[in-house]
1. Here are the criteria: (1) at pLDDT 90 or above; (2) in contact with a helix residue (DSSP H, G or I) (Cβ under 7 Å, 6 or more places away or on another chain). Tell me which single one PRO88 does not satisfy.
2. So which of ALA23, ALA14 ends up being among the aliphatic types (A, V, I, L, M) and surrounded by 10 or more Cβ atoms within 10 Å (Cβ to Cβ)?
3. Test VAL28 against the stated conditions and say whether it is assigned to a loop (DSSP other than H, G, I, E, B) and surrounded by 10 or more Cβ atoms within 10 Å (Cβ to Cβ).
Amino acid sequence: MARMVRKQIVIDPAQERALEAHAKALGVSQSALIRQAIDALLRDAEEQERRRDAWEFLKSEFDRADREGWGSGGRRWTREELHERGGPSRH
């Protein structure tokens with residue numbers, strides 16, 4: 001195990017009881033349980049950042065597709081307009 005750094009934290013009594021109970025139930029020390037919780041928090045934060053980056057990329061591609069008319073075959077009419085007018089206009 002890597003060198004450990006000692007930290008002092010302040011938690012409320014309910015957190016202390018829960019920490020003690022969970023550590024005992026899992027058969028680990030309270031310190032080990034806190035380290036596991038920190039690792040899980042950091043993994044979750046990294047995953048959220050990856051998801052946010054992926055969404056921003058997709059959103060930018062959707063916006064670009066909309067601007068460039070991808071998938072429309074160059075059409076600028078909507079299905080609703082087609083039904084309202086009886087067909088696309090031929091400009």
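The values are calculated or read from the model by the stated rules, or taken from the named source; none is laboratory data. Only a predicted model underlies this, so the values are computations on that prediction, with no experimental measurement involved. Note: ideal-geometry Cβ built from the backbone for every residue, glycine included; neighbour counts use all protein chains shown.
1. Failing condition for PRO88: (1).
2. Exactly one residue qualifies, and that residue is ALA23.
3. The answer is yes for VAL28.
Rundown of residues vs (1) more than 20 Å from the chain's Cα centre (by Cα); (2) at pLDDT below 85; (3) part of a helix (DSSP H, G or I); (4) acidic (Asp, Glu), yes/no style:
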residue	(1), (2), (3), (4)
LEU42	no, no, yes, no
ASP53	no, no, yes, yes
ARG64	yes, no, yes, no
GLU81	yes, yes, yes, yes
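Listed here are the residues, each with its yes/no results for (1) of a type in the set (S, T, N, Q); (2) closer than 21 Å to ALA2 by Cβ; (3) touching a helix residue (DSSP H, G or I) at 6+ places or on another chain (Cβ under 6 Å).
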site	(1), (2), (3)
ALA18	no, no, no
GLN30	yes, yes, yes
GLN36	yes, yes, no
LEU42	no, yes, no
GLU47	no, no, no
ARG50	no, no, no
ALA54	no, no, no
SER60	yes, no, no
